[in-house]
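Here's the structure we're looking at; comments come further down.
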Amino acid sequence: DDGIALFSSPNQEMIGDDAKVPTPLERTTVPYEDLSDRFILKKTEFHNQYSHLYYQRLHSMKSLIQKVARDKWCHGDNIPKYVDKLLNIKPGQRCFIVGTVYKDMQAKPNILDEHHAREHYEAPPPSRSKYVEPDDSLVLEDQTGRVNLACPPKLINELVTGVVMSVLGKENAAGEFEVEDSCFSGLGPQTPLQDPPDAFVCLTSGFGVSVDAEALLPLQLMVDFIIGQLGTANVHSQVQKIARMIVAGNLISETKNDQVYQAKYITKKQTAQSVELVKQLDDVLVQLASSIPTDIMPGPNDPSNATVPQQPLHQCMFPKAASLETLGGKSNPYACSVGGVTFLGTSGQGVDDIFRFSTTQDRLQILESTLNWKHLFPTAPDTQACFPYFDVDPFIIEDCPHVYFAGNQPKFGTKLVKGPDNQICRLILLPSFNVAHQIVLLNLRTLDCECITFDGTTDL
Amino acid sequence: RRHDSSFEKDLQDMDPIDDTEAQKIWPRPALENPINASTDTVCFQQMELDHVLGDPIQGMPGGKVRPVPIVRMFGVTERGHSVLCHVHGFFPYFYVPAPPGFEPSHCTDFLKTLNVEAMKVCHYKDVKVVVLAVRLVQKESIYGFHGNRKKPFLCITVAQHRLISSCKRVLEQGLKIGDLPHHAYEVYETNLEYNIRFMADLDIVGCNWIELKPGKYHVRSNPTSLCQIEVDVAYTNLISHPADGEWQKVAPLRVLSFDIECAGRKGIFPEPNIDPVIQIANMVKVQGETKPFVRNVFTLKSCANIVGSQVLSFDSEVKLLEAWTEFIQQVDPDIITGYNITNFDLPYLMDRAAHLKARKFPYLGRLRNQASKVSTTTFSSKAYGTRESKTTSMEGRAPFDILQVIQRDYKLRSYTLNSVSAHFLNEQKEDVHHSIITDLQHGDAQTRRRLAVYCMKDAYLPLRLMDKLMCMFNYMEMARVTGVPMSYLLSRGQQVKVLSQLMRQCKQQDLVLPVYSNQGSEEQYEGATVIEPKKGYYDQPIATLDFSSLYPSIMMAHNLCYTTLLSRTEREKLSPEEYTSTPAGNHFVKSSLRPGLLPEILRNLLAARKRAKADLKKENDPFRRAVLNGRQLALKISANSVYGFTGATVGKLPCLEISSSTTAYGREMIEKTRNLVEERYTIANGYSHNAEVIYGDTDSVMIKFGLENMDEVMDLAKEAAEYVTEHFIKPINLEFEKVYFPYLLINKKRYAGLFWTNTEKYDKMDAKGIVTVRRDNCPLVVTLINTCLQKLLIERDVEGAVNYAKQVISDLLCNQVDISQLVITKALSKTKEDYAGKQAHVELAERMKKRDAGSAPSMGDRVAFVIIQAHKGAAAYEKSEDPIYVLDKNIPLDTQYYLENQLSKPLMSIFEPIMGEQKAKTLLVGEHTRTKVKVSRANGGLMKFTKKQYTCLACRTVLPDQTKALCHNCAKRGSEYYQKEVSKLTELETKFARLWSQCQRCQGSLHQDVLCTSKDCPIFYMRKKVQKDLQSQSGVVSRFGIGW
């Protein structure tokens, strides 16, 4: 069996040695443009508070969402009034309002609790996969005030802090706003596809390079496949059509950043645990980028900043691969256009965070919601660490991309979403490669995608 | 635990308040019918009691000409109606011993003579008569045993309480009565308070129920007060119910909590002559109900609506203030609470109203024509120190400042509302600095709304604290047990409570109290001694036996009392079997000859406590449980304060013979216990080990039985307790309480151990006197020592404890400890001149005053400071600095000071017994102390003249190319150094994000900037520091260039 034979003979000598790479594939090339400028931090100042980010978010989405709301509710006899400031809601009057959601959650991890636990030598509160509780409740807020929402549990369960929405209803005697209906911004405008090329983009995430050599086998297998070292001529002709590769974060496995918990006299001489892994990663990237334009995004495990937007992995860490022009260090989130098809994606933190703070189990549903809410990281800065922007919220999804992905998810998933103005968007949950051993090939012409598994059983 | 600004939500969750209806719920429930004195019974719980000189009322006993003394009792009926009851006919009196040869026939002459003489010295204009009556009675002085013989005393009744001092002066100088020789009189009971005398004589105790039967009282036709029921009664016609059974109930009292905001000027504490009152928030609830039924805020200028509360806006401050008075009058609270209202809010309002000439304002009490007044008193007490206190009179309303309650009952690091709420309610409170308050006021209806919410929360928290700490029950029960009005408990010291009980007992036994003139003697008597501790670490169960209620039981066992104290002459008349000689060399008669008064009081208190505890066990109703628990606590405290009363040399009636004998007995008993235990539990007597008492203090002894097994130790300890108890006079009782295992005995009153009361699991870790209680330690010491003790005693991980300690020391030296952990606080209790030496906190307060008089700490405040690096040879007091200032100016801390003066001593004390002196010392020297980080001052000093040079992040050589991160040599290892810096960056970023988003949650708004400056919040300094650290670390990382 071919697969097994290949499996057992990863050619270690080849790694990192350009001379031994056999004849490169004739690879399809397609026009490419990086559209991530808004995610690159020009100056890094931390004296601003987070209120500005919320203000910008609400301010820039308000008129749009108001229009959606009008279209939805303002016809027939009983036309509700739009109340611009939450403060001006009159009890009993049916109206609609726009604001930012705040979800009041008792179980939300809290730095004060952790501090308290530390001081009292107690175990910190355990981390949970979900922090939802039956008594969670929603508050809608704008610059003028807050109003409690009396609404169906479904809405409470699905929504998270930071989403901008409009609700229709009226204030009851208890001072709560009784929600009759709700709406979000929805999908942004989109330039229709114009004859995209017959080529593929390979999307993947979570290489998770680790000290465990065996875990590297599937990765090497995948690299061999991409660079045309695997399979038959038939396979090669397919692989040739892969014009670009995007790696959505977590290129190395999680390392404990325990320096901060250790005394300096111990850590002074230590190096970060990630150093060795990044070295290995450099070798992998050399192989890939020698054969295919490769975009690497940082993820939560990678040595980049922790707050979103994560800045490109620094090239000083890749003494070998960074010299190749085909390797591109990208931000997370990352936006680009490949052959006229627009891509927007993250390394998955947004989806993961919403998963923790909503009851929704279906991550594809979460990804779709963020498109509908028009925001990549609604939970930033509340539970998702985020840069304190002053005059912009770069995470608003102004234009609807053709491809929208989230990396480092437990399972592959995909769905084609169609918008009211003929937008089409391919949603993709990219599984972590080191768990699923899968990559996703997206056909630029059809926006179809297929998932290839490198666990030795795949028939290549 | 809730930190989110759930307060607005709480408000919304309460019943809605309709603005148009809101005012209608202010007044009390109306009386169904006017009171009919011939058919209705008036029954009320009295809450406040005072007395005045007033006009006589037709049909009431007492004098017929003004002025006559009248007692006013204010209270509430079971249905919530307010009552004012004027009590007539009770005149003040005092005693003098009748001189030899005094016959009943001398009384008239005595009265006349005294009256004439007293009239001469008294300077009150309206006095027409001083002495009303003189009676010859048989009494006995409380002081000393006099062979149980009563002696003739003259009971002198006077027209007004204040005339007693005139009589005293005259009598002490002496009088000549008829055929008797000139005689100087010794006075008794001239120093007792009229109110307490009245209550004691009528068996009225604080907060009890008073009943007036039909036909026994008059209804006032021209009421003087705002009370719904106002009556007059003769003092002989009122029925006072002891607070037992049914009469333990509590009336639906109205409790008002309020808070004011003033618009101060930047840097200056608000002054009533200049800075306006801009908001007053009010919460009113009925005692026993969970939520306030009135929630409102009075604002100057408009304020946006707040759901769940009423907003009353005014365009002028005078209108606001006067409307508030009207509100008080309508809502008619019985108790007025808040946080620091006594010394800030109320005097401020009064001064401001006076300044603005708001004439209708100062009518906060229940009397129609009685304006409130502010007076200043200095209150001095051994237990609470000296405090200057203001009092705002509000007749009929009991002030109950929660700050005062908490200062009295709890020892805390800080008494700000923030830290108190954090401590008791587990809730952080947004704290808006007073300079920002003005900005918010000058904004719009929105910003004023924000202020109003903040203000209302400050009015709400005292109510919640009151509930949580059950203050009302505890204080009400204390008032009932000791017999004094509730307001005395906060405004007065311990003595009046004991005195009140003493007076009640004296009355029954025909005893009179001499007037002790305070010589202010500093006579010291020997306090409780301890058995010298055998220091060390005990890795075996150490049993602890305690004498229950030691001092009270000694006083009872040996019949120690004023009335049993024997003078030498009296002793010589007795046979030795009839009296006891105490170890202090004093002599007291045995109870067979005369049972003491104090033992009687103590027996009653302890029996009552036993009953209350038994009732508490049976009771299921939470409300009644709270009452009973409050009572048993009050009884315990009262029993223990009797001993203190006899030892208070500045007190009303000190008797050092009693107090020193009590402690001497205590010492002797501890010694005797040791001997009994060590003689009985020996190998010679068939036990496996020789028992050893390793330590003893005041009322407990710690015994090492030598056994390893906890069961066996507990059994032996119980047996030993019984055995020892047999050797003492009842009711002295030695009890087995707990076992410490393991046990670390550091020194006198300093030890730690795991506390076991059963063999299954330890109850807790107990650490006494090491660092925890002392507040001039920074929190780092407390955390460090507690954690080390946990590791040593619970986990039994010596190495873990050592490593932890090393880590903390290293973090400290590397400036990685959060500054809030290094803050030391000390109370500014005296002015600079009063302190003998220069003190760090006093000096700092002075410096802060020069920088910004407004935010500087004032008398009574706790000053928070850190120790900074200063020039060589600077004294410790020069190195104190305000933590905020340190953060702002990036001033380096003197980490060495913290290591040497704060950490090392307690660390050594716990590690030495375990590791040995030599090994323990390695904690303070060694590799972990050699890595240090020097912080340089942001500005000032030499830094102004130096140019900043960037050095290589790896090898620290000065870089030729100042734009780079690394030198040429180190650049090869760029990836490594970059990742190291990035990992620090990510940590700071995560912290930054979590801290600032937490503050947003706490303030309850996403769209507004966080304004809070609560220095008591554990994350306040952290939040500020992480901002700076992150900025600088981000700069470091950016030196690697952007790349790509």
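The values are calculated or read from the model by the stated rules, or taken from the named source; none is laboratory data. Everything quoted here is computed from the prediction, not taken from an experiment. Cβ: placed from backbone, ideal geometry, glycine included. Neighbour counts: every protein chain shown. Areas reflect the complete protein model, heavy atoms only, side chains present, ligands, DNA and RNA absent. Shrake-Rupley method; radii C 1.70, N 1.55, O 1.52, S 1.80 Å.
Structure notes:
- Accessible area ranking (1.4 Å probe, heavy atoms, ligands and nucleic acids excluded), largest first, for B:LYS749, B:LYS507: B:LYS749, B:LYS507.
- A compact globular protein would have a Cα radius of gyration near 2.2 N^0.38 Å; the ratio found for chain B is 1.10.
- Neighbourhood net charge (15 Å Cβ-Cβ; Lys/Arg +1, Asp/Glu -1) for A:GLU33: -1
- q = 0.24, 0.25, 0.32 Å⁻¹: log10 I(q)/I(0) that the Debye formula gives for the stretch B:183-232, counting C-alpha atoms only: -1.05, -1.07, -1.12
- Chain B - percent of accessible surface contributed by carbon and sulfur, probe 1.4 Å: 50
- The share of C-alpha pairs in the stretch A:124-231 whose separation exceeds 18 Å stands at 72 percent.
- Chain B - mean residue ellipticity at 222 nm from DSSP helices (-39,500 (n - 2.57) per run, n ≥ 4, rounded to 500): -11000 deg cm²/dmol
- Diffusion coefficient (Stokes-Einstein, Kirkwood radius over C-alpha pairs, 20 °C, 1.002 mPa s) for the stretch A:177-234: 126 µm²/s, rounded to a whole number.
- Ligands, DNA and RNA aside, B:SER487 has an accessible area near 20 Å² when probed at 1.4 Å.
- The convex hull around the C-alpha trace of the stretch A:338-400, projected and averaged over every direction, spans 5.1 square nanometres.
- Viscosity 1.306 mPa s, 10 °C: Kirkwood-radius Stokes-Einstein D of the stretch A:31-98 over Cα pairs, µm²/s: 102
- Both radii were evaluated on the Cα set of chain A; the Rg over Rh quotient, with Rh as the Kirkwood radius, amounts to 1.01.
- Approximating the spin labels as points 7 Å out from Cα along Cα→Cβ, the B:ARG956-to-B:LYS319 distance works out to 6.9 nm.
- Residue ranking by accessible heavy-atom surface, 1.4 Å probe, largest first, among B:ASP697, B:ASP203 comes out as B:ASP203, B:ASP697.
- Compactness of the stretch A:331-450 - radius of gyration and Dmax, Cα, Å: 14.0, 41
- Whole-Å semi-axes of the stretch B:465-603's equivalent ellipsoid (Cα gyration tensor): 31, 29, 16
- Distance distribution note for the stretch B:201-320: the fraction of Cα pairs above 26 angstrom is 51%.
- Neighbour count of at most 15 Cβ within 10 Å plus DSSP loop: longest GluC sites (Glu not before Pro)-free window in chain B: B:796-1044
- Candidate membrane-span-like segments in chain B, meaning DSSP H helices with Cα atoms spread over at least 27 Å of their own axis and a Kyte-Doolittle mean of -0.5 or above, are B:445-468, B:597-618, B:622-647, with no membrane implied.
- Rounded to 5, the percent of DSSP beta bridges in the protein assembly as shown classed as antiparallel: 75
- The C-alpha radius of gyration of the stretch B:660-802, expressed as a fraction of 2.2 N^0.38 Å, stands at 1.18.
- The distance separating the Cα centre of the stretch B:21-49 from that of the stretch A:284-324 comes to 80 Å.
- Net charge over other residues, Cβ less than 11 angstrom from the Cβ of A:HIS314 (K, R count +1; D, E count -1): -2
- Rotationally averaged projected area of the protein assembly as shown (alpha carbon convex hull; nm²): 69.3
- Semi-axis lengths, largest first, of the ellipsoid equivalent to the stretch A:59-154 are 38, 14, 12 Å, with √(5λ) applied to each eigenvalue of the Cα gyration tensor.
- The stretch B:963-1036 gives an Rg/Rh value of 1.16, both radii derived from C-alpha positions and Rh following Kirkwood.
- Size descriptor for the stretch B:249-392, Kirkwood hydrodynamic radius: 16.4 Å (Cα pairs only, one decimal).
- Solvent-accessible area lost on pairing A with B (1.4 Å probe, both sides summed) amounts to about 6800 Å².
- Compactness index (Cα Rg / 2.2 N^0.38 Å), the stretch B:162-258: 1.65
- Rounded D (µm²/s) - the stretch A:371-428, Kirkwood Rh over Cα pairs, Stokes-Einstein at 20 °C, 1.002 mPa s: 163
- Simple point charges give the picture: +1 on the Cβ of Lys and Arg, -1 on the Cβ of Asp and Glu, and for the stretch A:48-207 a dipole about the Cα centre of about 460 debye.
- Angle between chain A longest axis and helix A:363-373 axis [Cα atoms, degrees, rounded to 10]: 50
- Charged side chains reduced to their Cβ positions (Lys and Arg at +1, Asp and Glu at -1) give the stretch B:563-619 a dipole of some 360 debye around its Cα centre.
- Computed from Cα positions, the angle between helix A:216-226 and the longest principal axis of chain A comes to roughly 80 degrees.
- Centre separation in Å (Cα based) which lies between the stretch B:154-186 and the stretch B:629-684: 40
- Surface accessible to a 1.4 Å probe, A:THR28 within the full protein complex, Å²: 50
- With Cα atoms defining each centre, the stretch B:303-320 and the stretch B:847-917 are spaced 45 Å apart in the structure.
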